[in-house]
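Single-structure report; data block below.
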Amino acid sequence: MAIEVETITLTGGTAGLQARIRAQADALCALGPTLSEPELDTMVPSRLLSNDEVLVDEPVPLKELITGLAAVEIPAHTQQLLDLLPKSAPPEAYGTEPFTNTTYDCGTR
């Protein structure tokens, strides 16, 4: 999975892409606590693709979608951003959480 140059450019460069991923992670963290268990158990028609391969094509509980995004997508995209930095980049180039590592913990925000 690679971030294309066009995507980086459209989001305002690396800093813009970092801000967008951070905002999406914050939105996921804010969403979970606002929903009740019955709402989180709601089945949502889902079609998830990766590199044109269908991974899921069936209803999935909303909580699984939220958890999957927070546990898989955000860390994967964070790692993609880190991989774009030159190996000799100074520490300040890494910015702040969640970009200093590949995890994102909703409890720390």
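Summary table below
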| read-out | value |
| --- | --- |
| Charge sum, other residues only, whose C-beta stays under 9 Å from residue 47's C-beta, Lys/Arg counted +1 and Asp/Glu -1 | -2 |
| For segment 1-67, average projected area of the Cα convex hull in nm² | 5.4 |
| Distance between modelled label sites at residue 19 and residue 85, nm, 7 Å Cα→Cβ extension | 1.9 |
| By average C-beta atoms within 10 angstrom, highest first, the peptides 11-23, 34-46 | 11-23, 34-46 |
| Calculated FRET efficiency for the pair residue 11/residue 44, C-beta based, R₀ 35 Å, to 0.05 | 0.85 |
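Rule-based calculations on the coordinates, nothing more; no lab input. Just so it is clear, the structure is predicted and the values come from calculations on it, not from any experiment. Glycine gets a Cβ as well: all are built from the backbone with ideal geometry, and neighbour counts include every protein chain shown.
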